[in-house]
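> First the structure, then my questions, so here it is.
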Amino acid sequence: MRFSLAKPSFALLAASLVLPFAAAQTTPSITLTIHADQIKAHASPLLHGLMTEEINHSYDGGLYAELISNSAMHPNDSWGAAIPDWLPVELGDSIASFTSDKTTGPSAALPFSLKLTVTRASASAPAGITNGGYWGIPVSPSTTYRGSFYAKSSDSSGPIHIALVNNNTGFEAAHADVPALTGAWKQYHFTLVSAAETTSSHYRLEITTSRPGTLWFSLITLFPPTYDDRPNGNRIDLMKMLAAMHPTFLRFPGGNYLEGNTIDQRFQWKKTIGPLVDRPTHLSPWGYRSSDGLGLLEFLEWCEDLHMQPVLAVYAGYSLRGQHVAPGPDLVPYVNSALDEIQYVTGSTSTKWGAERARDGHPAPFALKYVEIGNEDWFDKSGSYNDRFAQFYKAIKAMYPQLQLIATTPVTSVKPDVIDEHYYLSAQQFFADAHKYDDADRNGPKIFVGEWATMEGTPTPDFEAALSDAAWMTGMERNSDIVIMASYAPLFVNVNPLAMQWVPDLIGYNALTCYGSPGYYAQAMFGAWHGDQIPQTEQTGVDPRFFYSVTRDSTSGELYIKLVNANSTPQPLQIAIDGAKTINPIAPVVTLSARTPAATNSINHPRNIIPVDSRFERASAKFNYTLPAYSIQVMRIKTK
């Protein structure tokens, strides 16, 4: 598969078809007329973007490349093992045990540690601790893994042996040694270079000693190669998949993840910056603890790596279980936190938080245009959002008048620049609602469809959902003068059953590999070819399962015609283009199709449904065309 920030050729996804589509033999019941010289509106350059949050192990165990689960060794929050995801190692006749020690740790943020007591051990029978990662640690041949840990010892014990061990054979694919530990907390770094073994996720990390003693460990990390070699960076395969979607923005840190179940479990950005040892971690709303390794700066660098605009969501005083902060004096600290956060993102190094960003390794400020105030505040039964939004709006506009502020529900206190609308619907509902924005009020706030998805397919969308998604996207694209941004949600899912809280999700993966759903490929097709102009178009004839949108590239004159046929039979069309001096008869076409709506992709069968390149060779001012059954197409016609 080719992934590129240039517009992709899907010929590398499947064999390219160079035969022309046959002209329809049946008289077309639908005519699509495109007035190439009549520009109805300018299309939003930001329409197709990404929304992300920590759900389904999207960050930890997903995009964030850290391989060790519960790397901070946080003690259990409720029940079960004293330190989740860690087990003792007792080889041969060695004897060892560990407990959670809440009296000592490497920092104020991590004041606890794993206390390992080794009663008996030797070179031939070492003892220690092990971690299996997020449902397996993936190991590839001849690959460099970089790690570190904080540790101390009561008796300067050592050496410490670190190894990637095969679960089935006990083979060490890579290993390293630390000569000795000291009596004070210290960070130790190590490098593991794997042998020429077959790629597998059936590995665990073992840390052992060959001498009796008492040792304390904390914050054990292990990273494979990361995208663009970012320290503390992201998985390469998932980042490549995102790059192929040509996203224009990233909405972060997420919806529910921003709010938290309670106020004290909200995303507290100041606790997610700086060295990992100074990040205390926090409970996410989806039942597991977030490492916060993917913190505010990492989100911004993610935007930088994929050339996306950040859409920064700030906590606005409401949490999922109904707690809220009353507008007025009680809300002031939260407003000030948002102002500090914006300064961290955009401020020069002469500002307090811009200087902090520079100390964190990024002196240059980030460009920021959009800030969202809260998330899904229509759930706030207190009715306080109207005044909470106004308090944030006035404070942010006073300091940053150039920022566009997004409300999460309609308000009357002030006029927001943008309203965020969310839709989780069935395929039938999206088919029926695809024309929702055709007659939308152009004088009101712009619209951001910040979360939307067809709720069919598991763990990722089936082809019926992809058809419905595409139908809905044609409606947003036709009206992208008012619908300025849109992002599917959720974006990611670790397909291990214990990792999932929500279905469907756009991209699936396990520890070793990943795949795109049919909906993912529909998104990639729409994102790759989106013009900056919306020409006037008309459709005569009606089919409730046929959908289209047309945009035009003002520089090249190329028309991007998106066609969706959700019927089980081919759809004959007539396409008429007027207002063009010349029309190139050779029109590249990309097709995503399936034999049945239930067809899908999976972790074991990732390429059942993928885009296929072809070309239509009879484009003209008026031509007949047959749209295949159950298909999504992008046709590109060059005009002048």
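FYI, it's all coordinate maths here, none of it is from the lab. Computed from a predicted model, the values in this text were never measured in an experiment. All Cβ positions, glycine included, derive from the backbone under ideal geometry; neighbour counts span all protein chains shown.
> Which of the peptides 482-488, 28-34 is most tightly packed, and how do the rest follow, going by the mean number of other Cβ atoms within 10 Å of each residue?
482-488, 28-34
> Here's another thing I want to ask about it. Counting pairs of alpha carbon atoms under 8 Å apart in space and at least six apart in sequence, what relative contact order in percent does region 253-410 give?
Worked out over region 253-410, it gives 23 percent.
> Something else about it: So, in nm, how far is label residue 304 from label residue 144 when the simple model puts each one 7 Å beyond its Cα toward the Cβ?
Each label point is offset 7 Å from its Cα along the Cβ direction, giving 2.1 nm.
> Within the set of other residues whose C-beta is less than 14 Å from the C-beta of residue 125, count the net charge using Lys and Arg as +1 and Asp and Glu as -1.
Counting the neighbours of residue 125, the net charge comes to -1.
> Counting other Cβ atoms within 10 Å, which chymotrypsin sites (Phe, Trp or Tyr not before Pro) in region 553-640 have at most 15 and lie in a DSSP loop?
The qualifying sites: there are none.
> Looking at (i) 81, 72, 51; (ii) 99, 61, 46; (iii) 87, 60, 41, which value of Cα extents along the principal axes in Å comes from a calculation on the structure shown?
(iii)
> Please work out the C-alpha center-to-center distance from region 542-604 to region 342-415 and express it in whole Å.
After rounding, the separation between the Cα centres reads 39 Å.
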